[in-house]
1. Just to be sure I understand: with springs between alpha-carbon atoms less than 10 Å apart, which residue in C:G279, C:G101, C:G62 has the highest mean-square fluctuation in the Gaussian network model of chain C?
2. Rank the residues C:S224, A:S96 as a footprinting-exposure proxy: fewest other Cβ atoms within 10 Å of their Cβ go first.
3. Send over the per residue convex hull volume for the stretch B:233-354, Cα only, as a whole number of Å³.
4. Which helices, taking whole DSSP H runs in chain A, have alpha carbons extending 18 angstrom or more along the helix axis plus mean Kyte-Doolittle at least 0.5?
5. Compute from the Cα atoms of the protein assembly as shown the Rg and the Dmax, the latter being the longest Cα-Cα distance, and quote both in angstrom.
6. With the Cα gyration tensor of the stretch A:194-321 giving a ≥ b ≥ c as the square roots of its eigenvalues, does the rule (a/c under 1.5 for rounded; else a/b larger than b/c for prolate; else oblate) give rounded, prolate or oblate?
7. Averaged over every viewing direction, what's the projected area of the C-alpha convex hull for the stretch C:187-309? Give it in nm², one decimal, please.
8. So what's chain A giving for Rg/Rh, alpha carbon basis, Kirkwood Rh from the mean inverse pair distance?
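FYI, it's all coordinate maths here, none of it is from the lab. Everything numeric here is computed off the predicted structure, so don't read it as measured data. Cβ: placed from backbone, ideal geometry, glycine included. Neighbour counts: every protein chain shown.
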Amino acid sequence: MKRKAFALVAALAAFGAGTLSAPVAAQQEGDQFFPLLVYRTGAYAPNGTPWANGKQDYVKYINATGGINGVKIGWEECETGYATDKGVECYERLKSKKPSMIDPQATGITFALTDKAPVDKVPLVTLGYGLAASQDGGVFKWNFPLMGSYWTAADALIQHLGKKEGGLDKLKGKKIALVYHDSPFGKEPIPLLQKRAQMHGFELVLLPVTAPGVEQKATWLQVRQQRPDYTLLWGWGVMNSTALKEAVATGYPREKLLGVWWSGAEPDVKDVGANAKGYSALALNPHGTDSVLIKDILKKVHDAGNGAGPREEVGSVLYMRGLLISMLSVEAVRTAQAKFGKGKVMTGEQVRWGLENLNVDEKRIGELGLAGLIRPIKTSCNDHMGSTSVRIHSWDGTTWKMQPDWYEADKSVIDPLVKEAADKYATDKQIKRRDASDCAA
Amino acid sequence: MLYRENGQFKTSYAADQQIFPIAQDRLAIGLLLLVAFVVMPMAGSEYLFRAVLIPFLILALAALGLNILVGYCGQISLGTGAFMAVGAYAAYNFMVRIDGMPLIGAMLLGGLTATVVGVLFGVPSLRIKGLYLAVATLAAQFFTDWAFLRISWFTNNSTSGSVSVAGLNVFGLPIESPVAKYLFCLTVVCVFALAAKNLTRTATGRQWMAIRDMDVAAAVIGIRPVYAKLTAFAVSSFIVGVAGVLWAFVHLGAWEPAAFSIDRSFQLLFMVIIGGLGSIMGAFFGAAFIVVLPIILDQVPHLLGIPLSTATTSHLVHMIFGALIVFFLIAEPHGLAKLWSIGKQKLRLWPFPH
Amino acid sequence: MGFFLETLFGGLMAGMLYSLIALGFVLIYKASGVFNFAQGAMVLFAALAMARFAEWIPKWLGFDNLILANLLAFGVAMALMVVLAWVIERLCLSKLVNQEGITLLMATLGISYFLDGLGQTLFGNDIYSINVGMPKEPAMILEGTFQGGLLISKEDLVAALIAAGLVLALALFFQKTTTGRALRAVADDHQAAQSIGIPLNRIWVIVWSVAGFAALVAGIIWGSKLGVQFSLSLVALKALPVVILGGLTSVPGAILGGLIIGVGEKLSEIYLGSFFGGGIEIWFAYVLALGFLLVRPQGLFGEKIIDRV
């Protein structure tokens, strides 16, 4: 036994030395490298997996249709398990392959990478999550919270409630509870909600849920005690389905329960089924298999036997979100190629320029095969978000039903908050706001 | 043949009491330090520093601290992550609230704060023992997790509860590049390892070990359990706190309490047990095993060109990792350090074992 | 008053569910001196097996009957837990006899890593559901006495009753059967038990199987409540304060401990939580246990720890 142990230790040590010192295999020459940070295991796997599959399928789809102006995309997945230290390790490992951009797929990892990315010149694409303040491209040169942040999400939710009540002024005297994941992810929307509460005179009740959120009885007893007019759900992973189940168990009407876009996907409600009927959540992206793009992906990727996940999953909410992330990244590379040379491999800096000058208009959306399903996205030097449009979808017991109204975040509410937070960040980090010449470059 | 102590006579007490009494050992350690301080900075890749060596060094330091408590004093703690967090957040607060606070100063003050908290949570150990204590230390873990999330003063009123530091420097030298970070961590670890090694050879260290071996007997021969246990908690928490500062400031840069979750506590306890209880060397072996092994296992299918899905690879890594831990516990319950010393024993007789 | 009672009931029922998991810890510790950290992983593994076989078996055999599918899945999952117990004993425990408690504890942590990986490889890592027909909608009682009535979760009530039944059955098993007596003998003294001809290895397999059974029942109840997915293994953390509060070696202790922790954490969260900003229940449970331990270091019903030199 001891001898075996010795042999094993020796073998592991030798192998380890070999693995770690060997130069990381160079990427295939002429490929645009997309690192894919994912989590397919652990507590958040049910949500992480379709997301990861969407990201991967779109990359495969682009490769199957001739690449980006002929440039193929090289990609590699790295499992983070939603853990920050593992995410940092993945980032460091994949960094040597000259990544075009990186989507950390977790708020915690985003925080850790925000400092590293500018040094390594890797843009961070955090579609619908990450730091709310990073919308301000003047300070966060390398962060791109495309399509929305937690603040725009919270703003849209309050607007929706106002609409339901027949005007934002009708919210006066109402009680709105926020049941949130007790982490930076869950806490980000609070300043905005507080501001809105002040503006409209509603009472905000904060109910934190300790991560991962398998035990929420006390929280929902409080909801029952306080009887809020509306409850906002700000969860991720198991917390969402548990919250819905506890809402059922305490008899809180699901119609009064509204989730953020991270609480409104199939894994969150699947297990609750018909009991979750009436629950609504923000829909950052469309879903379903009717669009031209999805039909094409099914044909060119899944029918060719290359699908990353099961066929039934294609078109689900989080799958589509992953797809959009890859799509916008590819569009950024395209934009960059238009400036720096078609058919060439873009560096991280060039892709960053592409992300900053993204202009996906109605025409382009049509070409991408998503006509009528997403709103135009146009980024600029100061606005790294591009669009704040979002809809609401409701669970009818078996599927998510999209509601027609679009909401846009109110700039007069969001912008001062963003500016203040970004300035504070800049002071803390001793960085200067970018001036006009930097923007033009 | 080469590794033999014949003919090395000790002529003074000092020579008899040195840490490495055998000349070959001194040479080996000297070479190791030379490689670590001179060769590595020149030869290592950025990935090696940032993803492997820096986490390894910092966690080895934390394991070293924990080993003092568990391995030398016999008090099992599952709250190590908590003390790392206390160190990190305390240092952060000293850094942002006091102008011109140097990194080293913040680091040591962070360690001292962790000491205070550690002693506080160590008090129950005077009455509660063994596994009961182990579970009770989880109170520290969950309490600090909660406190750093909920009490916004600790995070300087950051809206998200996540904090970050930038522009680190020591005596004017910036700690920004991977090599600088690596050298900084290495220096701190070396200093603390030497200090810890010497501390365990003092009267206090011997008292810890007496308490570990049997606390009632130790009390009978005149060792004060209060003093011995609380000093162990203090020293251990200090080192763990410093490791927490390094983990947060140097390795992560920006962090939230989840960086010091209960998983971290278990991970550190693993390092101590796999490495070897009551051995400074063991902390390094354990950290190497626990930090590096999953990274290697993760890359095996990739290197061999086996097309395994990310999820399968990750599950297999879990399984192999778990199985190896059980295997090593069965093969050598006293850890890799014991295996190392057996190896050295054999080497002394090699090639002519009697 | 009505709300207080609701909280109290909620706490009692949550506590019963904690006891169910705590029971697994106590059984194994009692009979083999192993603090089994893999209990959480066993709960997950058992629940995954149950959920997936209930889905697969009707497909394989081509029938459509929920009750039969659940029964068969239960049988298969239980068989799997017995095999697991046997393998763990064979490959791991029998080689670690006479080791220190902490080494054994770490070995079970190793086992839990292994089980996490194995369970997810075999059964997948999506979210699955167990449908054993638990009622989901709440019930209102005493509507005449209190304004708005008292809300009782039927699901929790059923779960608590099942847990109570299981505890009773296990207590009878320990007290009345020959095997139970052998288990108690082993718990008292390994060597003495062996010397009068009780096969230690077989006893351990039995104990781990019984713990596997407890894990399976806990997995089904929790799984039907939360959905079967990785996070299920984390509920073990809720059971730890229960175990030390009640005493590592006491079955009644696990029950009473569960109730105290359940009620304590719910009441604290609701009546004290707002002063601290909420989310205090997780650490409050541990602090509560710590407080009890300071008075009784061996837990409420644990065997008195006698120090001999």
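1. Taking springs between Cα atoms under 10 Å, the residue moving most is C:G62.
2. A:S96, C:S224
3. Given the Cα convex hull of the stretch B:233-354, per-residue volume reads 172 Å³.
4. A:2-21, A:317-340
5. According to the Cα coordinates of the protein assembly as shown, Rg and Dmax are 29.2, 95 Å.
6. Since a/c reaches 1.5 and a/b is larger than b/c, the shape of the stretch A:194-321 is classed as prolate.
7. Here the figure is 10.6 nm², rounded to one decimal.
8. 0.98
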